1. One residue is enough: does the range B:81-100 have a residue meeting the conditions in a helix (DSSP H, G or I), touching a strand residue (DSSP E or B) at 6+ places or on another chain (Cβ under 9 Å), without any contact (Cβ under 8 Å) to a residue 12 or more places away in the chain and among the hydrophobic types (A, V, I, L, M, F, W, C)?
2. State yes or no: is residue B:20 at the interface with another protein chain (Cβ under 8 Å from one of its Cβ atoms), over 30 Å from residue A:119 (Cα atoms) and outside any loop (DSSP other than H, G, I, E, B)?
3. Residue B:122: farther than 16 Å from residue B:51 by Cβ and not polar (S, T, N, Q), yes or no?
4. Quick check on residue B:27: is it within 12 Å of chain A (Cβ to nearest Cβ) and surrounded by 14 or more Cβ atoms within 10 Å (Cβ to Cβ)?
5. Just one of the numbered conditions (1) touching a Ser or Thr at 6+ places or on another chain (Cβ under 6 Å); (2) surrounded by 20 or more Cβ atoms within 10 Å (Cβ to Cβ) is not true of residue A:104; which one?
6. Is the range B:115-130 home to any residue that is on the phi > 0 side of the Ramachandran plot, outside any helix (DSSP H, G or I), surrounded by fewer than 21 Cβ atoms within 10 Å (Cβ to Cβ) and at the interface with chain A (Cβ under 9 Å from one of its Cβ atoms)?
7. So if I check each of B:109, B:133, which one is surrounded by 19 or more Cβ atoms within 10 Å (Cβ to Cβ), of a type in the set (Val, Ile, Thr) and within 16 Å of ligand 1 (Cβ to nearest atom)?
There are 2 protein chains.
Amino acid sequence: MTETTPNEDSEPRPAEMRAESFHAVREAHRNELAEDYVELIAELIAQFGEARPVDIAARMGVTPPTVAKVLNRLAREGLVARAKYRSVFLTPEGATLAEACLRRHEIVVRFLVRLGLDPETAEKDAEGIEHHVSERTLDLFRTFADGD
Amino acid sequence: MTETTPNEDSEPRPAEMRAESFHAVREAHRNELAEDYVELIAELIAQFGEARPVDIAARMGVTPPTVAKVLNRLAREGLVARAKYRSVFLTPEGATLAEACLRRHEIVVRFLVRLGLDPETAEKDAEGIEHHVSERTLDLFRTFADGD
DNA sequence: ATGACAAGTTAGCCACGGCTAATATAATGA
DNA sequence: TCATTATATTAGCCGTGGCTAACTTGTCAT
Ligand SMILES: [Mn+2]
Ligand SMILES: [Mn+2]
Ligand SMILES: [Mn+2]
Ligand SMILES: [Mn+2]
């Protein structure tokens with residue numbers, strides 16, 4: 001059975017289009033951890049004046065060694081500045097990204113709550129959804145959240 | 001600077017709650033590939049009577065060896081049945097999962113379209129969002145999609 | 001029936017992000 | 001001060017999911 005145009009009634013999406021979607025998802029997942037980290041680091045700095053690995057670990061729900069490894073990658077990528085055994089800070093690039101992520105996060109949460117979701121679940125679902133929301137979709141979310 | 005109750009105006013969510021959210025996201029990501037594969041396999045079987053690795057690869061946007069490796073895992077997990085050099089089929093468990101994923105996928109897409117998104121982008125965003133939607137949220141999506 | 005091409009598999013590489021155990025440094029308080 | 005505790009890092013393990021290259025098997029047309 002070779003792959004030709006199907007004789008079905010509802011046209012299935014072409015293979016390449018599907019592939020594009022999955023590529024986009026994988027791309028989102030590649031950026032996800034960096035986004036959540038810088039966002040969290042920004043919040044910790046705002047609250048405490050610094051971001052300590054131990055606090056990051058507690059909030060990310062992972063162990064300190066895991067945090068260390070990720071932070072090294074973020075440093076390598078220029079999002080984070082660090083000195084051994086010291087707190088973590090954001091580079092300008094990291095701070096910019098954090099700001100964008102924070103905004104997006106809040107829009108998604110407000111949208112879900114507006115839709116009727118309890119804030120707890122909204123926060124939980126948003127943590128995943130936020131990374132898969134295109135600019136267009138985010139605009140619609142924002143409008144809906146503010147709207148009525 | 002130790003971590004105590006902050007003197008901020010807006011109460012930040014406790015660390016454990018945040019950790020829970022991230023745990024949920026990681027859990028979703030662990031199931032994601034299996035869900036997308038069985039969903040796709042179900043569709044291919046519906047269209048062509050069988051699901052061939054080469055067609056899976058084209059639609060997932062990956063190479064055949066990658067598909068082979070993932071299929072082996074799915075077989076190990078009892079979602080898929082296969083014989084060497086033959087097409088892939090779903091176990092009852094796999095078929096059940098596929099059905100649920102298909103439904104969820106369609107709800108998310110219809111929701112996004114109803115919100116005002118073009119079908120292209122809706123399909124793309126849905127591919128990621130679907131895995132981060134709780135039962136509650138899915139209900140709200142369904143209602144909104146049908147509603148008005 | 002068989003040879004050529006398509007499809008599938010295997011082997012082996014890599015980066016990532018979890019983890020534990022062990023070690024090194026910093027911070028605290030008696 | 002300095003001993004104890006808290007925090008951070010390193011080393012090393014594992015499973016996953018990408019990839020390419022090489023090989024095996026299946027399919028199809030002549
Ligand atoms: Mn997130
Ligand atoms: Mn998906
Ligand atoms: Mn899907
Ligand atoms: Mn995701």
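The values are calculated or read from the model by the stated rules, or taken from the named source; none is laboratory data. Worth saying up front: this structure is predicted, and the values here are computed from it rather than measured. Here the Cβ is made from the backbone with ideal geometry for all residues, glycine too, and neighbour counts use every protein chain on show.
1. no
2. no
3. Yes: the conditions hold for residue B:122.
4. Working: within 12 Å of chain A (Cβ to nearest Cβ): yes; surrounded by 14 or more Cβ atoms within 10 Å (Cβ to Cβ): no.
It is false that residue B:27 is within 12 Å of chain A (Cβ to nearest Cβ) and surrounded by 14 or more Cβ atoms within 10 Å (Cβ to Cβ).
5. Single failed check for residue A:104: (1).
6. Yes, the conditions are met somewhere in the range B:115-130.
7. Values: B:109 fails: within 16 Å of ligand 1 (Cβ to nearest atom).
On inspection, the qualifying residue turns out to be B:133.
Let's see how each residue does on (1) within 16 Å of ligand 1 (Cβ to nearest atom); (2) within 14 Å of another protein chain (Cβ to nearest Cβ); (3) surrounded by 16 or more Cβ atoms within 10 Å (Cβ to Cβ):
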{"position": "A:53", "(1), (2), (3)": "no, yes, yes"}
{"position": "A:56", "(1), (2), (3)": "yes, yes, yes"}
{"position": "A:63", "(1), (2), (3)": "no, yes, no"}
{"position": "A:69", "(1), (2), (3)": "no, no, no"}
{"position": "A:72", "(1), (2), (3)": "no, no, no"}
{"position": "A:78", "(1), (2), (3)": "no, no, no"}
{"position": "A:81", "(1), (2), (3)": "no, no, no"}
{"position": "A:84", "(1), (2), (3)": "no, no, no"}
{"position": "A:93", "(1), (2), (3)": "no, no, no"}
